[in-house]
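To keep things clear, I will list the structure first and then write my remarks on it.
The values are calculated or read from the model by the stated rules, or taken from the named source; none is laboratory data. Everything quoted here is computed from the prediction, not taken from an experiment. Counting neighbours? That spans all protein chains shown, and the Cβs are built from the backbone with ideal geometry, glycine included. Accessible surface is based on the protein model in full, side chains and every heavy atom, while ligands, DNA and RNA are left aside. Shrake-Rupley method; radii C 1.70, N 1.55, O 1.52, S 1.80 Å.
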Amino acid sequence: MRYWSLIFALAAAFSVGAFAYAPFSPDWWLPNTVAEPGHVVSKAGREIDALFIIILWLTGGVFVATQAALVWAQFRYADRLDAEGKPARPARYFHGSQRLEVIWTIIPAGILVFLALYQMSTWADVKFRSAAPRTPVLAELTGRQFQWMVKYPGPDGKVGTADDLFTVNDLHLVKDETALIHLKSSDVIHSFFLPQMRIKQDAVPGMTIPVWFDCDRAGRYELACAELCGWGHYKMRGDVVVHETRAEFEAWQAAKLAEQGRSQVGEPEGETSEGDRQ
Amino acid sequence: MIVRRRPVFGLWISLALAAGCSDADLTGPLAYEEQPGMTREVDGKSHLADKPKIREKARAVLAKLYGPNPKEIHVPEGAPFSKDESGTVGGLLANHLRTAEGPKRLPHAGGFALYRRHCLHCHGLSGAGDGPTAPFVFPPPRDFRRGLYKFTSTPNGARPDRDDLRRTVRDGLHGTSMPAFEALLTKEEIEQVLDYVTFLSVRGETELALIEEGFIGDDEDPDALEDDVVADLTSAVFGKWEDAADKVVDPPVARTPSSPESVRRGRDLFLGRTKEKLECAGCHGVKGRGDGKSFVDPDVFNRVVFRGDPSKMAERVAQLDEPTQELWKQKLDEWGNPLRPANLTVPVYKGGRRPIDLYWRIAKGITGAQMPAHYPGIDHAQIWDIVNFVLALPYQPELLEEPGVAAEAEAVRR
Amino acid sequence: MSDAHVHPRPRNPLTRYVFSTDHKVIAVQFLFSGLIFFAVGGLLAMIIRWQLAWPWRPVPILSKWLWSAPALGGQMPPEFYNKLFTMHATIMIFFVIIPILTGAFGNFLIPLMIGARDMAFPKLNMFSYWIMWPGFAFLLASFFVEGGPSEAGWTGYPPLSTDPHAAPGSLNGQTYWLLALLCAGISSLTGSINYITTVVMLRAPGMKMFRMPMTVWSLFITALLQAFALPVLTSALVMQLLDRTAGTNFFSPVGASVGNGPAVTGGGAPLLFQHLFWFYSHPAVYVMILPGMGIASDVISTFSRKPLFGYKPMVVALAAIAGLGFIVWGHHMFQSGMNPALGATFMVSTMMIALPSAIKVFNWIGTMWGGRIQYTSAMLNAMAFVSMFIIGGLSGIFMAATPVDIHIHDTYFIVGHIHYVLFGGSTFAIFAGVYYWFPKIFGRTMNEGLGKVHFLFTFIFMTGTFLFMHIVGWHGHMRRIPDPTVYEFLRAPGVVWMNQFMTICAFALGLAQVPFVLNFFYSLVAGPKAEANPWKANSLEWTTASPPPHYNFEDLPRVFHAPYEYSVPGGEEDYLPQTSPLPPNITLDPVMA
């Protein structure tokens, strides 16, 4: 009978094993770039991951300790009968221990209060509006069933004027520069999710929510919708392109603007279409 | 200029979606849906309702030309599809090629597989715009089977250029439920999807052509729909597609740079104040809100289209008063779906926001919709003025709100 | 019969078995309808898992008649997937777990465990079951309306749920969904009023509050939670219903144009619904776990043959969970656009609610410590409850930490968490309760061998099904997507492998319920007749016959102590029913027991 405890031990060991293996496989761990699976690209991401790992260790420790206690109790205190079919050992008769109750109230409480306070500053840095960068808005991003409409300020630097650049599912930013976007929705609730940069924010119709993030590696990333928004929810994928330099970004923007201003089938007037197709 | 090889039957390439991948486990018989004229009487259109023999022949021809079902695709000689990596025409349609040695795997997913995964639930297996999601989106998904597409660079009624379809798939149609696929498919995959859409289009067009041809034939005539006739029909269908690239309308005059004067001229054209007496405001409204008098009132439109079950739309139309019902019937598109004029006060343009896109909409109208071609009624410079006006309006609503403008427009229209 | 007020059992089979006011019959009715819906909800989950493992591959057999578009070749339309998970969650939460835990166990156990002849309001009790039926009807009917059943998720967030053109299921199905939930809510509300009154008014002589079994305590506190939170949900549902049918605009913001339709002219707030919804639905999570905690406490104490470790601290912890449960709802809305400063306060309260849960786990282990553990099917399931609840509780800390929640919010991590709590927690508690009280409810004993086979496979495959959800979740796998392979980072072979592994385990988990079904129905007709007290337990329900007579007790029992006096030194037996006084040499610790 006592060997039932092994099933519980195995389940716990399997869980610990899976979680312990996870950091060693890029597919199992927090999402990062394929080239550098160990590197988190955004500042917020690094803080969030550090916090995640602290909590993982803490909960992992608590998990192992409680499961070990449980399995030991199951194994050690299983009922056994002696040769006469009587219990080999009586159960101990006690109703609890005030001291233990106090101990296992105070210690977890301390840990939880520590966690709550420790993470406050990260939360404030990522989300509090007072922490928003004082930079010009990179783009206005509007969720719509089922795409992300991106509106960049044109040459006049303001969003919402006739020279805006419009793209769909295509967000461009510059490496190492904090990108500030204004998040909106034109129909239902969507959620702006950058897995590699660990950013998530719901886009709510009727609200404009500032979101900021950065990225220290140029390249292509993915933008996902994380809030159920209808039948095409899963299709709401966007490309995020991080440019190496601001000049590269501006060249891309100029080419896009030129294409947006195209009035004849041939070459667009002004800029050439260089950088239009990357 | 266009090389037209005479289709030689029996030389078609057969592409089969063979076993070994996820495409193979579709259950049940997959069948193309036939167009109504094949089996039923259709008012004012050709049909084969009373010609069972010709109908069977038409079916046989279609199965031979395009394959019996979506799992087995035949590519007729001369079909307007692009070449795959190995130079096979139509090789982009599927992921296996049937050769004498057996099935050969192609290095891509294939148009049918991609279509099935991304497009099918709206546009349907036959491209009839009748997927399970279709009743619940407005505007309804396109029925490809007539070869007509609204937002093209080619003249009104002509087949689209491949670039037009590519833009639609890549960027989506803003203001409709057609999403942008640029972030979901690679460039190569978009080409595969385009080929499959073209395939469904030419298949549907061939079907219609066979119905029309059979309609005038005698059911007892053993030579009806014989190979020569079919060859002529298909080459006509393919020819239209091959011609499209040459028909792309390129504005001969570059856009007039946007200036207050140009915008003002555009506004006057829009309001019909010039001698051309354009009637834009009649549909798009004197304030550009898409609420013109000659169209169904937007409130009525919204009540009919957006309030209540889509399947009961006809009943809601029937409840309208007599003149509105009459108007409603006039304001349907080629596919019988209700139309609403664009609201020009918001910067949402279904066919694209580039000046050239707007030029095409104004100059040559919208195929299948009520927007007429304005060239040569007005000249290129005037079209550019209107384009400039339309692009400016969302940001300068005062253009149509100056005192007297609306009243004046009313007066002009009378 | 000594009690003059006891009426005979009704003779008419209709009032005896169908429209019965007997709490035991009503409990059985709740149990059966709950188990039937459990099978339906489980089947929906299988289809969900199939789609996730092999996106767009036709489901064997089912796809032919589940989605009516043969031209699709059996491929699932994406909106159908949304319907599946919406219905799975709705059925499991509102028509399985809550009705079984509060409806079935609450009804059966409260009067029997406190020594009452029936509920305080028997007719209201009957009403609380039969009002479920319009709910079932609305839910089933929604499958046959145009657009199909609701697909706005079990959370039903507007405007996706309120605008008829936001999704096919929002056309008509959502209205039926709202009506179904209103019925289920009325059922819970009337039930909870009944339980509170019964516990407060109808306890047997000597049954002080602190002599009640943990199960009764947990059901009592659950009833309080429901009584205070449900009105808020009800009003939220009614508001959404008005938005949908009467043209009000509580939740639709001005200017939003859904599905290319006309722009909204009103001026509502989508976040308002989320606040109202979670003000109920967070406590609802405790509604689904607290009774499980009570059941586990009683089962563990009985089969450890040992007093419950820290009876009064356990009660206080329950009350603390319930109390804190009212001020943590905002943790569902950290990323919703709610003021982040408010999020910070919700984060602190959420961290604090982990504390009483931790205390309970330690106390359960303390109860087993030094006992004489008897590995019955009920005990195994109760221990699995503890073991799995540890994971469910600990994973909650990740979400409580607001910065970490930014990343894992709306991912499979939270799906894993909720399933560890609701399957690993509530469902194992339900199984434990069924094995434990089956002899009392039906007067026959379940087969222990089959019970253990059922437990073994359920436990193993439950871990296989839900564990990897945490891993794909922190890898970024969003919830509620039918095709993860659209995303590059979810196309990774490891993620695909995990999705397929989870699906296979889910099917095995479904198969693992076959022994339970066989055992349940076989024992129902052919199980060995049960004695009054097969487990040698202390609480009052075991002092009467199995199954209990109509009106429960020949004579109302007299209670002398709490039901956890096992292995009292010097006793002849290792248990001491509540109706027997404590030996004079025993004094109880006033703080602990």
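Some points to look at:
- Helices (runs of 4 or more DSSP H) contained entirely in the range B:105-207, each with at least 1 residues that are free of Cβ contacts under 8 Å to residues at least 12 places away in the same chain: B:111-118, B:120-123
- Residue tally, condition in contact with a Leu (Cβ under 7 Å, 6 or more places away or on another chain) and either among the β-branched types (Val, Ile, Thr) or more than 10 Å from chain C (Cβ to nearest Cβ) (or both), over the range A:106-142: 9
- Sole residue being part of a loop (DSSP other than H, G, I, E, B) and open to solvent by 40 Å² or more (accessible area, probe 1.4 Å), chosen from C:Pro584, C:Pro577: C:Pro584
- Boolean, C:Val472 is assigned by TED's automatic domain parsing to the domain that holds C:Val434, assigned to a helix (DSSP H, G or I) and over 21 Å from C:Ser395 (Cα atoms): no
- If the condition is being in a strand (DSSP E or B) and either within 13 Å of another protein chain (Cβ to nearest Cβ) or surrounded by fewer than 18 Cβ atoms within 10 Å (Cβ to Cβ) (or both), then the range A:152-169 contributes A:Leu165, A:Phe166, A:Thr167, A:Val168.
- In this structure, C:Phe303 does not qualify as outside the structural domain of C:Ile430 (by TED's automatic domain parsing) and either in contact with a helix residue (DSSP H, G or I) (Cβ under 9 Å, 6 or more places away or on another chain) or open to solvent by 20 Å² or more (accessible area, probe 1.4 Å) (or both).
- Filtered residue count, the range B:284-299, keeping only those that are more than 23 Å from the chain's Cα centre (by Cα) and open to solvent by 20 Å² or more (accessible area, probe 1.4 Å): 9
- Some residue of the range A:215-229 being at pLDDT below 95, over 30 Å from C:Phe273 (Cα atoms) and among the hydroxyl-bearing types (Ser, Thr, Tyr): no
- Across the range A:170-202, the number of residues qualifying as part of a loop (DSSP other than H, G, I, E, B), more than 14 Å from chain C (Cβ to nearest Cβ) and in contact (Cβ under 8 Å) with a residue 60 or more places away in the chain comes to 2.
- Residue in the range C:422-443 that is at the interface with another protein chain (Cβ under 9 Å from one of its Cβ atoms) and at pLDDT 95 or above present: no
- Some residue of the range A:89-98 being outside the structural domain of A:Ala9 (by TED's automatic domain parsing), part of a helix (DSSP H, G or I) and not aliphatic (A, V, I, L, M): yes
- Of the criteria (1) of a type in the set (S, T, N, Q); (2) touching a helix residue (DSSP H, G or I) at 6+ places or on another chain (Cβ under 6 Å); (3) within 11 Å of chain A (Cβ to nearest Cβ), which one B:Ser177 fails: (2)
- Looking across the range C:482-512, just one residue is among the polar types (S, T, N, Q) and under 19 Å from A:Tyr221 (Cα atoms), and that is C:Thr485.
- 2 or more residues assigned by TED's automatic domain parsing to the domain that holds B:Ala281 and under 21 Å from A:Asp163 (Cα atoms): qualifying helices (runs of 4 or more DSSP H) within the range B:316-408: B:355-364, B:380-392
- Criterion (away from every other protein chain (no Cβ under 13 Å), of a type outside the set (Phe, Trp, Tyr) and either out of contact with any Cys (no Cβ under 7 Å at 6 or more places or on another chain) or over 30 Å from C:Gly173 (Cα atoms) (or both)) met by exactly one of B:Val300, B:Val304, B:Val286: B:Val286
- Among (1) open to solvent by 10 Å² or more (accessible area, probe 1.4 Å); (2) more than 7 Å from every other protein chain (Cβ to nearest Cβ); (3) acidic (Asp, Glu), the one test that B:Glu182 misses: (2)
- Top-ranked residue of the range B:33-86 - restricted to ones that are open to solvent by less than 70 Å² (accessible area, probe 1.4 Å) and in a strand (DSSP E or B), ranked as farthest from the other protein chains (Cβ to nearest Cβ): B:Val75
Quick grid of which residues meet (1) assigned to a loop (DSSP other than H, G, I, E, B); (2) closer than 30 Å to A:Tyr77 by Cα; (3) facing another protein chain (nearest Cβ under 7 Å):
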residue	(1), (2), (3)
A:Ala9	no, yes, no
A:Gly17	no, yes, no
A:Trp28	yes, no, yes
A:Pro31	yes, no, yes
A:Glu36	yes, no, no
A:Val40	yes, no, no
A:Glu47	no, no, yes
A:Phe52	no, no, yes
A:Val62	no, yes, yes
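For (1) in contact (Cβ under 8 Å) with a residue 24 or more places away in the chain; (2) within 14 Å of chain B (Cβ to nearest Cβ), each residue gets a yes or a no:
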| residue | (1), (2) |
| --- | --- |
| C:Val28 | yes, no |
| C:Ser33 | yes, no |
| C:Phe37 | yes, no |
| C:Gly42 | yes, no |
| C:Met46 | yes, no |
| C:Gln51 | yes, yes |
| C:Trp54 | yes, yes |
| C:Pro58 | no, yes |
| C:Ile61 | no, yes |
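- For the range B:123-138, a residue qualifies if it is open to solvent by 20 Å² or more (accessible area, probe 1.4 Å) and more than 7 Å from every other protein chain (Cβ to nearest Cβ), and the qualifying residues are B:His123, B:Asp130, B:Pro135.
- Residue selection: B:Leu225 fails the criterion of being in contact (Cβ under 8 Å) with a residue 40 or more places away in the chain, open to solvent by less than 30 Å² (accessible area, probe 1.4 Å) and under 30 Å from B:Gly377 (Cβ atoms).
- Residue list for the range C:136-177, filter: surrounded by 21 or more Cβ atoms within 10 Å (Cβ to Cβ) and closer than 18 Å to C:Ser235 by Cα: C:Gly156, C:Tyr157, C:Pro158, C:Pro159, C:Ser161, C:Thr162, C:Gln174, C:Tyr176, C:Trp177
- Positions within the range C:436-455 being within 15 Å of C:Ala512 (Cβ to Cβ) and in contact with a Ser or Thr (Cβ under 7 Å, 6 or more places away or on another chain), in sequence order: C:Gly451, C:Lys452, C:Phe455
- Condition met for A:Val211 (hydrophobic (A, V, I, L, M, F, W, C) and either buried (at least 18 other Cβ atoms within 10 Å of the Cβ) or modelled with pLDDT of 95 or more (or both)): yes
- A residue that is open to solvent by 40 Å² or more (accessible area, probe 1.4 Å), outside the structural domain of C:Arg491 (by TED's automatic domain parsing) and part of a loop (DSSP other than H, G, I, E, B) cannot be found anywhere in the range C:40-47.
- Residue among C:Met388, C:Met399, C:Met383, C:Met462 that is within 21 Å of A:Ala20 (Cα to Cα), within 11 Å of chain A (Cβ to nearest Cβ) and in contact with a Leu (Cβ under 8 Å, 6 or more places away or on another chain): C:Met462
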